[in-house]
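To start, the structure itself, in structure tokens.
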Amino acid sequence: MRTRPANTENTANTEKVDPGLLDAALDRAILPGYSRFGLWVRRRAQPADSAEPAAMRGRTAVVTGANSGIGKECASALARRGATVVLAVRNRARGEQARADIVAACPEADVRVALCDVSDRDSVLACAEKLNDELARVDVLIHNAGALPSEREENAQGHELALATHVLGPLLLTDRLMPALTSAPAPRVIFVSSGGMYAQPLVVDDPEYRHGRYRGATAYSRTKRMQVALTPLIAEHYAPQGLSDVHSMHPGWVNTPGIAASLPGFHRLTGPLLRSPAEGADTAVWLATTSTTLPPGRFWHDRKVRPEHYLRRTRYTADEVERLWRYCGTTVGIAVD
Ligand SMILES: NC(=O)c1ccc[n+]([C@@H]2O[C@H](COP(=O)([O-])OP(=O)(O)OC[C@H]3O[C@@H](n4cnc5c(N)ncnc54)[C@H](OP(=O)(O)O)[C@@H]3O)[C@@H](O)[C@H]2O)c1
């Protein structure tokens, strides 16, 4: 087994973070920090966009769950910057509608639709094969597709749906897209996680949520935690093949069809405070496009590295993350040794 520095314990990460007093206070005071107010305060101190408006020309981006909300905004922003963008979606009609919307706003955009249900192994394999065949390279892969199940469901392969959607599918897609990713000179992979993960520990002994009373919000946040915990290991695993630029981020609270449908009460109460989809997509788009050298494997929000823990009870050891990595890697067929 590899010996891993206790990065996963995250004291090191947290020590390096220097968010400034107001910024740090906003992070801890969740309501203002994750709202549009937080973004408004931080905007003044954020690293700038590329000065080149078509900075992504000649590059290709794949965005999962790109027919709605944050994913659609990521796709649209990357297409406006000149990238060829593939909307990896599970429903062709919704994907085509999103493509039409993006092209209507930016007629020169090169936007394509590919079918990919990220929770389903066969669909991910078929999508990866098609993209490897059709694209000369993939410079950016954004794992955005997300869902909050109302009850425990399993995919066709018998895996709990939130785990399959947020962790297993993205791992498999990354692994199988390596030919196209490593054909790009500096490929980047970005996980759209959630601030909800701050409340959840890493559940290594029951990743499929077979035990205890199932709550969709818990399953969602646990698997968003897993994304953040696994990001450094994914970066380390693929670095020898040329992919170390792997990052996770959270968008804050964003007014999207997803949040309106899955948390209607929250959506009603907080409506005016929520960020727009474009504001929610901002950090993912910035991570995808910046020419700044990014430290690999870190967790970002509002264009800044953020701590991965605020609560002592969510901390985990390097050994626990390694065990989760082995479970997930073995499940999807990645050689994890
Ligand atoms: N909105 C927020 O406040 C917030 C906060 C934290 C994190 N996030 C994260 O941001 C991401 C985007 O969410 P959103 O708020 O923009 O929600 P959204 O509007 O519901 O968009 C979610 C997208 O994911 C797609 N999707 C779900 N399951 C999929 C699957 N198995 N395969 C392929 N696509 C799938 C959906 O496709 P369909 O249209 O076919 O359902 C939809 O396009 C998610 O990962 C979410 O967890 C959002």
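The values are calculated or read from the model by the stated rules, or taken from the named source; none is laboratory data. Values in this document were obtained by computation on a predicted structure and should not be read as measured data. Please note: Cβ atoms are built from the backbone with ideal geometry, for glycine as well, and neighbour counts cover all protein chains shown. Just so you know, the surface numbers come from the protein's heavy atoms only, side chains and all, with ligands and any DNA or RNA stripped out. Shrake-Rupley method; radii C 1.70, N 1.55, O 1.52, S 1.80 Å.
At a glance:
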| read-out | value |
| --- | --- |
| Options PRO170, ALA93, HIS250, ranked by Cα towards positive dipole end of the chain, top entry (Cβ charges) | HIS250 |
| Region 176-181 - phi-based ³J(HN,Hα) in whole Hz, Karplus 6.51/-1.76/1.60, Gly and Pro as x | 7, 8, 4, x, 6, 5 |
| Within region 257-337, chymotrypsin sites (Phe, Trp or Tyr not before Pro) in DSSP loop having at most 16 other beta-carbon neighbours inside 10 Å | TYR310 |
| Size of electric dipole in the chain: Cβ of Lys, Arg +1 and of Asp, Glu -1, about Cα centre, debye, nearest 20 | 800 debye |
| Sites ALA278 and GLU153, calculated FRET efficiency, Cβ-Cβ separation with R0 30 Å, nearest 0.05 | 0.45 |
| Percent carbon-and-sulfur accessible area, the chain, ignoring ligands, DNA and RNA, probe 1.4 Å | 53 percent |
| Where the chain is the region considered: accessible area per residue in Å², 1.4 Å probe | 42 Å² |
| At most 12 other Cβ within 10 Å, DSSP loop - trypsin sites (Lys or Arg not before Pro), region 34-94 | ARG44, ARG57 |
| TYR214, TYR238, ranked by accessible area, largest first (probe 1.4 Å) | TYR214, TYR238 |
| Region 172-293, relative contact order in percent, only Cα pairs under 8 angstrom and at least six apart counted | 30 percent |
| Under 5 Å, built H, 5+ apart or other chain: amide partners of ALA114 | LEU87, ALA88, VAL89 |
| Heavy atoms of ASP206: accessible area, 1.4 Å probe, square angstrom to 10 | 20 Å² |
| Cα→Cβ-extended label distance, 7 Å offset, between ASP49 and THR317, nm | 4.7 nm |
| Linear extension gain, GLU96 paired with LEU125, 0.36 nm per residue minus alpha-carbon span | 8.3 nm |
| Helical contribution to [θ] at 222 nm, DSSP H n ≥ 4, -39,500 (n - 2.57), averaged over the chain, rounded to 500 | -12500 deg cm²/dmol |
| DSSP bridge pairs, region 19-332: antiparallel proportion in percent, nearest 5 | 10 percent |
| Isolated Cys in the chain, by beta carbon distance under 4.7 Å | CYS74, CYS106, CYS328 |
| ALA105 versus SER183: modelled label distance in nm, points set 7 Å from Cα along the beta carbon direction | 2.9 nm |
| Cα shape, region 19-332, gyration tensor, a/c 1.5 rule | rounded |
| Gaussian network model of the chain, Cα within-10 Å springs - most flexible of ILE102, ILE190, ILE30 | ILE30 |
| Coil-residue GluC sites (Glu not before Pro) of region 115-187, DSSP, other Cβ within 10 Å capped at 14 | GLU151 |
| Reachable aspartates and glutamates, given that their alpha-carbon falls under 18 Å from the alpha-carbon of LYS304 and they are not under 8 places away in the same chain | GLU15, ASP18, ASP23, ASP27, ASP49, ASP245, GLU279, ASP282 |
| Mean separation of Cα contacts under 8 Å, 6 or more apart, over the residue count of the chain: relative contact order % | 21 percent |
